[in-house]
Amino acid sequence: LLEANLLAEARRSAPLIDKLPAAFERTTATIGIDPRRYLEREKLNGKSQASIELYLFAITRAARSDAAKAATLLESRGSALPAADLGYAWAQIALYGAMQHEPAALSWFERAGPLTDMQAAWKARSALRAGNWATVRSAIDAMSAGEKREPAWRYWLARSEAAQGNAAAAQKLREPLARENNFYGLLAAEESGTVTPPAWRGWRPSAQELDAMRQRPGIVRALALYRLELKNEGLREWQHAIRHLDDQQLLAAAEVARVANVPDRAINTAERTLMVHDFSQRFPMPHRADLQAQAKAQGLDEAWVYGLIRQESRFMADAKSRVGATGLMQLMPATAKWAAKQVGMPGYTPQRTGDVAVNLALGSFYLRHVLDGLGHPVLATAAYNAGPGRARRWQSGQALEGAIYAESIPFNETRDYVKKVMANAWFYAHQAGGTQVSLKQMMGTVPGRQDAQGNSSLISALDNPISIPALTPTSTAAR
């Protein structure tokens, strides 16, 4: 519980421990407030399990905010730790150091004991930023079988094999991944020379099939709940109604949802098909006249804007997040108000942010502003989710391949968001204009910090445009 940062739960559970030292619960609270003070003042007793656990908790808490200082404290005051616990402490420091993009993180990993999947993942990400392909491979080798099956690690393992001259092994890893319609599947297909844009007009249900789907009791109930604006209840009812449908029935249900103006259910339902697909349902292009007009006015790529909106709101014009973001482009009230003032929008009120044309106008202006400030669409995409200041802090001192920058974003939500938005943009680019642009070209090269200093004056003080997840390795994707 302490490792998961669940302090209140840990303190409630502590009395269950036999012969727990009297001050243990109070000390955990003290460490939670100021772990460095505890580490600097308290003497570690390597023969006391309670003292060891408190020390490891303090090291972890200190590393969460500043891994380099935690490493200094462990170096100077942690010698009494048993070997296994010392290895654990270095693994925790290395984990948070990698998340903080500390150059020393890889050397800390060398002093660590056995790694968890999360620690091995961040060792791999740290090695990617350093261009150390041998360490990328060894970190992936240390993962569990389930973690290794993740598209990201299959892709980066193939890249590490290629970088070390093992072309045949790399191709063998890429081939199955290249058949998947996700970010890393697209990159693998491009590198294998097998990328093929989907046939946009896939299987379509007949009128009779649509009528049959509309009459299913679960579908009837779900759509009725959506009409009553009971979205959470409608979502649960819809998910239950489609759980046993085959591919053709799923596509019929997706079309029913689209016609009923529930585009998020249409997209998500169409994405569930395994063999029979309709990519135009997965990647719809509603409100195109308004979106094209705003994209043209701001000099933005239409496919990128569509890709961002698909991830933000699934084209639900009345979408509202738990933190107050509104509309297609999920604008926070302060951001919308600022953008309206900048563009001189007459008669603006917060209530107008849900209007499609207004939302697209303000969101496109803000996106252009962020792009001008950061100078790269991958940075701007990260900034749209987590704020321009964070996107800049995640840059390296040197230029980074766009995919490496995205993979090493420390917020789980934002890391997933950037990859999905850019993959969406690839699909929309091929759908809208038949362009043959590659995802690797779209990701490009993210400049190093020193190469982008000239843009810093353009970064807005509005550094929280959407929602900010906590910087914890256990945060989950919210979108």
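The values are calculated or read from the model by the stated rules, or taken from the named source; none is laboratory data. Everything numeric in this text was worked out from a predicted model, so none of it was measured. All Cβ positions, glycine included, derive from the backbone under ideal geometry; neighbour counts span all protein chains shown. Ligands, DNA and RNA are stripped out before the accessible areas are found, and what is left, the full protein with its side chains, is counted by its heavy atoms. Shrake-Rupley method; radii C 1.70, N 1.55, O 1.52, S 1.80 Å.
Assorted remarks:
- The distance linking the range 1-67 with the range 129-181 is 38 Å (Cα centroid to Cα centroid, whole angstrom).
- Fully extended contour minus Cα-Cα distance, from residue 130 to residue 436, at 0.36 nm per residue: 107.1 nm
- Spatial extent of the range 391-433: Rg and Dmax, with the Cα atoms as the point set, Å: 12.2, 36
- Two-site label geometry, residue 145 and residue 14: point separation in nm, points 7 Å out along Cα→Cβ: 4.1 nm
- Two numbers describe the Cα atoms of the chain: Rg and Dmax, which are 24.9, 77 Å.
- Crossing angle, helix 412-433 versus the chain [Cα axis fit, 0-90 degrees, rounded to tens]: 30 degrees
- With every protein chain in place, the chain: carbon and sulfur % of accessible area (1.4 Å): 51 percent
- Fraction of the pair-distance distribution of the range 1-136 above 27 Å, Cα-Cα pairs, percent: 20 percent
- Share of pairwise Cα separations in the range 122-258, more than 27 Å, in percent: 48 percent
- Applying the criteria of a DSSP loop state and at most 16 other Cβ atoms within 10 Å to the trypsin sites (Lys or Arg not before Pro) of the range 314-389 yields 322.
- For the chain, the longest principal axis of the C-alpha atoms and the axis of helix 167-177 are separated by about 60°.
- With the whole protein complex present, residue 287 retains an accessible surface near 70 Å², based on a 1.4 Å probe.
- In plain terms, if you count all Cα to Cα distances in the range 294-342 and split them into 5 Å steps from zero, the share in each step is 5, 21, 22, 26, 20, 5, 0 percent.
- Evaluated at q = 0.11, 0.14, 0.15, 0.24 Å⁻¹: base-10 log I(q)/I(0), Debye formula over Cα of the range 88-172: -0.27, -0.43, -0.49, -1.10
- With contacts taken as Cα pairs under 8 Å at a separation of at least 6 residues, the chain carries a relative contact order of 10 percent.
- A straight Cα-to-Cα reach below 30 Å connects residue 337 with the lysines 231, 296, 320, 419, 420, residues fewer than 8 places away in its own chain not being considered.
- Between residue 37 and residue 320, the modelled labels are 4.2 nm apart [label points 7 Å from Cα along Cα→Cβ].
- Among 373-379, 3-9, 360-366, the peptide with the highest mean count of other Cβ atoms within 10 Å heads the list, and the full ranking is 360-366, 373-379, 3-9.
- Solvent exposure of the chain as accessible area per residue, Å², 1.4 Å probe: 45 Å²
- Eigen-decomposition of the gyration tensor built on the alpha-carbon atoms of the range 256-312 gives equivalent ellipsoid semi-axes of 24, 12, 9 angstrom, largest listed first.
- Extreme residue, positive dipole direction of the chain, given options 155, 433, 259 (C-beta unit charges): 259
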